[in-house]
Structure formats: structure tokens, C-alpha cells
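A.B. asks: Below is the structure I would like to discuss, written out as C-alpha cells.
The values are calculated or read from the model by the stated rules, or taken from the named source; none is laboratory data. These numbers come from a predicted model, not from an experiment. Don't worry about glycine lacking a Cβ; one is built from the backbone with ideal geometry, like all the others, and counts go over all protein chains shown.
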Amino acid sequence: MGYIGNKPTAVPLTSADIQDGVITAADLGANSVDSSELVDNSVTLAKMAGLARGKLIYGDASGDPAALDVGGADEVLTHDGTDFDWAAAGGFDVSSITGATELATIPDNTDELVLSDGGTLKRIDYSNLVPFGSLGGSFYQGIQSDLTNSTWNKITLDTTVYNRGLTFGSSTITIPAGGDGDYFLSAYVSFHSYTYAGIANASMAIYLNGAIFNNGCVALVNGNTQSASDEYNSRQYQLEWSGVLKELNATDTLELYVNVIMDGSVASGNRQAEYNSITLFRINDN
């Protein structure tokens, strides 16, 4: 086609130039259409060709736009690192738990369990599912030698058998914040002397806040084999106390003390307390 006079100046197309998705010769004038003839953001959804309900436009293997077929009911859109596709929704059941997440021991108090509340998943701390916050512990010592004769000796508990929420250090058990309540406690000590008939009497006590007696809380037991003040009739002696310590409060401390009177012939290194232990757990809150 020839022109008389100057070639018409190119005019960019707008959405108004496009009717029902068809570009006519009158719209084009004397120009072919390339990206320079289209005003940015001028092609609206209404000007695009129709697409079946549920289909998606994506880039295919050739880098061209393509329509992804409609997926099935309850399927989810997936991606394999290259292309999109539809797949069955993944589920969860007990078999999904691997050995790495197996619950092999009792949970810590702050471990969370997932529960279904009418179909809504919720988290809850383990301590809220067990009586009184599952507070408790057991502390042990094998042998403590060189007990000072006829005085109160603090037992240096050096092994934690288990501890659930209590504060423990330097052989002192401390009730934690939120741990107020009544506690069942059991304590055991076995006194031993390598000298026959070396022990006269022995005592064991639970010190509360550094004292035997405090706020009416008493845990004290005595043993005596003497019929006269100069008799030492035992080589071994065991004491045990079990009972309830009422109304303990946060920051209260508990310690195990012993007092033994032995014959002066017993060398200091042979004055021993063996298999010493304390076990306690909360039985009520207040």
C-alpha cells in the first residue's frame, strides 16, 4: 500500500480501541501492533479471551502462557520445582510421627500437647494435664564420711534421680514460683561405723528455711540404743521419715540434716551416713 503525503503518525492503542477482544483495521490504521502501541495497564480483564472456570494461567515449558486444567474436588495446587499441578491434600495421622519425635519419656512441664477442641487444634502445657503441676523430685547421695560427732551435719546430696520443676542446688531444694501447696516427703539415712558398738544414738531432720522448726512444720526422727550414757550398742542404724509438709510456699527451702553420737574410739573417717535420699512431690495446691 502506498501513501500520498506523509505517513500517518503512530498512535498507541487504548482499551477503547479494542471491541469485544477484536482489533479491526480501523484500530490499526497504518501500523502493526507491538508493545509500544499498547499503553501500560490498558488491557483489562474484560478484554482478555474467556477462560473456563477454575483454570489458572501459568508459564509452560516453552515459556508461553498456558491454562492449567481444573483440579479435582479437595485437591491442592502443588509445585515440583518446575511446574504446577494438582494433587490430593496431604493428611496427618499417627503413622506420620517418626522415631525422631517419639515420646520416649515423661514430658517436661513446659512441653506442649496438641488437642482438638471441636475440630480446632489447641496447645496446652503438660503441667496443666497432671495433678498439681507435676512438681516433685528425688535427690540422693551414696556415702558422706567424716560426720562431725554430736552436731547437726548437712547431707550433701549430689545426685538428681529426677526433678520436675523444683529448684535444686548446693544440696538445697527450693519450691519454685507457683509451687505453693502441701507436699508428701520421704527421707532416708543409714548410719554406719566400722567400729562395732560404735553408735549411741542418731537423729535425722528436714530443715525448712534453715531450721528444724518453722511455722509448725516438723520433720524430725530420733533413734537411741543406749540404756546408759556410756553405752554404744550399734554399728549400723537406719532412720526414715515420711509425711506431709503442709503449706509450703515459693522460695521455701528444704535440706536434709543428721546428728549422730558415736564412741570416741570411732575414727572420724569412719563416721558415715550412707544411702541418703529425699523424695517429695506436691499433693495439693493452696
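A.B. asks: Would it be correct to say that residue 70 is β-branched (Val, Ile, Thr), at pLDDT 85 or above, assigned to a loop (DSSP other than H, G, I, E, B) and surrounded by 10 or more Cβ atoms within 10 Å (Cβ to Cβ)?
C.D. replies: Judged against the criteria, residue 70 is a match.
A.B. asks: Based on what the data block shows, is residue 173 at pLDDT 95 or above and part of a strand (DSSP E or B)?
C.D. replies: Against the criterion (at pLDDT 95 or above and part of a strand (DSSP E or B)), residue 173 qualifies.
A.B. asks: Considering only region 138-163, state which residues are farther than 15 Å from residue 188 by Cβ, in a strand (DSSP E or B) and in contact (Cβ under 8 Å) with a residue 60 or more places away in the chain. Lay out the reasoning, then the answer.
C.D. replies: Of region 138-163, the ones farther than 15 Å from residue 188 by Cβ are 145-154, 156, 158, 160, 162-163.
Narrowing further to those that are in a strand (DSSP E or B): 153-154, 160, 162-163.
Scanning region 138-163 gives 153, 154.
A.B. asks: What pairs come out if I take residues in region 257-268 that are within 14 Å of residue 151 (Cα to Cα) and modelled with pLDDT of 70 or more and pair them with residues that are exposed (fewer than 13 other Cβ atoms within 10 Å of the Cβ) and among the polar types (S, T, N, Q) whose C-beta lies under 6 Å away, six or more apart or interchain?
C.D. replies: Filtered contacts from region 257-268: 261/150.
A.B. asks: Another question, if that's okay. Considering only region 29-39, I want to know if a residue exists there that is over 30 Å from residue 113 (Cβ atoms), modelled with pLDDT of 80 or more and of a type outside the set (Phe, Trp, Tyr).
C.D. replies: yes
A.B. asks: Please go through region 107-123 and give me each residue that is over 11 Å from the mean Cα position of the chain (by Cα) and either part of a loop (DSSP other than H, G, I, E, B) or modelled with pLDDT under 75 (or both), ordered by number.
C.D. replies: Residues satisfying the conditions are 118, 119.
A.B. asks: I would also like to ask the following. Out of region 269-286, which residues are at pLDDT below 80 and within 15 Å of residue 191 (Cβ to Cβ)?
C.D. replies: Hits for region 269-286 are 269, 270, 271.
A.B. asks: Across region 73-106, which residue is modelled with the lowest pLDDT among those that are outside any loop (DSSP other than H, G, I, E, B) and within 25 Å of the chain's Cα centre (by Cα)?
C.D. replies: Filtering region 73-106 for residues that are outside any loop (DSSP other than H, G, I, E, B) and within 25 Å of the chain's Cα centre (by Cα), the one modelled with the lowest pLDDT comes out as 94.
A.B. asks: For region 36-53, what are the residues that are under 22 Å from residue 66 (Cβ atoms), touching a helix residue (DSSP H, G or I) at 6+ places or on another chain (Cβ under 9 Å) and of a type outside the set (A, V, I, L, M, F, W, C)?
C.D. replies: 44, 47
A.B. asks: Still on this structure: Looking only at region 152-178, count every residue that is surrounded by fewer than 16 Cβ atoms within 10 Å (Cβ to Cβ) and aliphatic (A, V, I, L, M) and tell me the total.
C.D. replies: Total meeting the criteria: 2.
A.B. asks: Looking only at region 133-151, count every residue that is closer than 30 Å to residue 262 by Cβ and surrounded by 14 or more Cβ atoms within 10 Å (Cβ to Cβ) and tell me the total.
C.D. replies: 7
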